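Right, I'll just put the structure down here and ask away after.
The values are calculated or read from the model by the stated rules, or taken from the named source; none is laboratory data. Predicted, not measured: the structure shown is a model, and the values here were computed from it. Note that we place each Cβ from the backbone using ideal geometry, even for glycine, and neighbour counts take in every protein chain shown.
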Amino acid sequence: MKLKLLCASLCLFVCVGTFAQVKGGHNAKLSKLYTSGKYEVCLFKAEDLCEDPAAGREAEPHLYAAMCYVKLYESSDPEIAADYKDGMRQAVKYTQKFVRKDVEGELYAQNTDFIDQIKKHVKAEMKTNFDKGNYSKAASSAKNYEKLYRTPDYLFMYFSGMLKCMSNNETQGAHEMDEARTKLSEQIVNNETIKPDPIVKSLIVDGIMKYTQDLLNEKRKKDAEAVITLANKIFPNDGYIKVQYNMIVGKN
């Protein structure tokens with residue numbers, strides 16, 4: 001029985017350690033520091049590498065820096081947490097750098113759990129500001145969110161353009177929406193499946209509902225029809241979109 005418990009404990013330790021470090025990474029020194037819980041030392045080493053002209057081209061140090069910032073921000077030690085109260089903001093910044101430097105996308109594909117954690121943090125900020133009607137700040141968060149994609153997500157770009165329009169940045173917002181609409185329409189014509197980012201799908205639907213209602217309030221029915229018609233093609237099974245579509249397109 002004791003042997004079984006020991007084996008189970010060792011297995012748990014190995015699994016946790018594997019999950020904790022950068023998956024697919026090759027920097028043994030950073031891995032050892034991180035998995036042993038020496039997050040502050042690991043952060044200093046990682047940031048030194050990030051600032052080095054040669055080593056800084058590598059994606060891995062930037063990902064370790066981001067992961068360390070999250071751990072320090074979430075520390076149960078109040079003094080450490082206080083020292084790293086902007087840790088999540090730094091983590092977002094380093095994750096964005098990681099995404100940009102991971103040209104082949106191999107590490108990105110292997111570390112989506114962490115990237116999704118960062119996405120959820122940025123999404124929470126975006127949603128808070130959206131719900132408060134602070135669309136300018138929501139648009140800023142959307143810009144940060146877009147930098148977490150390896151390739152453009154045109155549906156999210158469409159939503160980001162909406163936020164700019166709703167924050168009175170009509171020129172830039174309309175340009176983004178037009179560019180995204182062209183790409184999305186091409187995908188629809190070519191029968192390509194448009195898969196919404198599951199983390200922000202509900203927020204995108206909320207944005208479409210609010211934006212089309214604003215357009216109706218501004219007596220811009222044709223613009224509202226164009227937005228909801230495209231949305232209905234992308235979200236054919238969404239009840240809210242369907243009701244809004246029937247309400248707008250069904251009007252005389």
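For the condition under 24 Å from residue 168 (Cα atoms), in contact with a helix residue (DSSP H, G or I) (Cβ under 8 Å, 6 or more places away or on another chain), among the aromatic types (Phe, Trp, Tyr) and part of a helix (DSSP H, G or I), what is the one hit in 245, 211?
None of the others qualify; the one that does is 211.
For residues that are farther than 24 Å from residue 77 by Cα and either modelled with pLDDT of 50 or more or part of a helix (DSSP H, G or I) (or both), tally how many sit in segment 1-21.
Qualifying residue count, segment 1-21: 14.
When you scan segment 135-157, do you find a residue that is closer than 25 Å to residue 247 by Cα and small (Gly, Ala, Ser), even just one?
no
Given (1) within 29 Å of residue 213 (Cβ to Cβ); (2) of a type outside the set (Lys, Arg); (3) out of contact with any Ser or Thr (no Cβ under 7 Å at 6 or more places or on another chain); (4) in contact (Cβ under 8 Å) with a residue 60 or more places away in the chain, identify the lone condition not met by residue 126.
(3)
Residue 196 passes all but one of (1) within 23 Å of residue 213 (Cα to Cα); (2) part of a helix (DSSP H, G or I); which number fails?
Going through the list (1) within 23 Å of residue 213 (Cα to Cα); (2) part of a helix (DSSP H, G or I), residue 196 breaks only (2).
Are there any helices (runs of 4 or more DSSP H) wholly within segment 57-130 with 1 or more residues that are buried (at least 20 other Cβ atoms within 10 Å of the Cβ), and if so which?
60-73, 87-101, 106-110
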